[in-house]
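Worksheet: one structure, shown below.
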Amino acid sequence: MQPNTGSPSILKSGLVLLGLAFACIATLLFTGDSICHSNIEQWIPYYPGAIVVSTEYDFIRARGIGTTTVMLATDDDEETVRQFYRDNILALLDAEASRGLASTSWDVLTDGEGGSIITLYSECGR
């Protein structure tokens, strides 16, 4: 009777296939997250000079795959901030930039002291 030599090669093949499947999934997630992050940064960038007050996200990182809400504070008045985001969107639309995978929105409120609170919301890959 000859020893069974097929089992170790089946186990090795299974482990290789499992490793390849994991690598494919990780590559897809990394690529998707990078695309989402780039789209979000393009459509709703952080306001120049603003301070991050809070960040909430539900997946790997903020402003990537998943949902993210970022609150910023700035000393600039509400209308100046609104004009910054309007100008950014108009420039992207004029350049016929793709919206990509991300859905984005923003809002600005006065902080009562002449400055502004900015809310940036994004959802991607859902």
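Residues in segment 108-126 that are under 18 Å from the mean Cα position of the chain (by Cα) and not aliphatic (A, V, I, L, M) were compared, and the one that is surrounded by the fewest Cβ atoms within 10 Å (Cβ to Cβ) is Arg126.
Only one entry of Leu20, Leu11, Leu15, Leu29 meets the criterion of being surrounded by 13 or more Cβ atoms within 10 Å (Cβ to Cβ), free of Cβ contacts under 8 Å to residues at least 60 places away in the same chain and either within 19 Å of Arg99 (Cα to Cα) or not hydroxyl-bearing (Ser, Thr, Tyr) (or both), and that entry is Leu29. Entry remark, segment 101-126: residues being assigned to a strand (DSSP E or B) and among the charged types (D, E, K, R) number 2 in total.
Per-residue answers, yes or no, for (1) modelled with pLDDT of 95 or more; (2) not in a helix (DSSP H, G or I):
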| site | (1), (2) |
| --- | --- |
| Asn4 | no, yes |
| Gly14 | no, no |
| Leu17 | no, no |
| Leu29 | no, no |
| Pro45 | yes, yes |
| Thr55 | yes, yes |
| Val81 | yes, no |
| Asn88 | yes, no |
| Arg99 | no, yes |
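When segment 34-65 is limited to residues that are surrounded by fewer than 20 Cβ atoms within 10 Å (Cβ to Cβ) and in contact with a Gly (Cβ under 7 Å, 6 or more places away or on another chain), the one that is nearest to Arg86 (Cα to Cα) turns out to be Ile35.
The values are calculated or read from the model by the stated rules, or taken from the named source; none is laboratory data. These figures come from a predicted structure and were not determined experimentally. Here the Cβ is made from the backbone with ideal geometry for all residues, glycine too, and neighbour counts use every protein chain on show.
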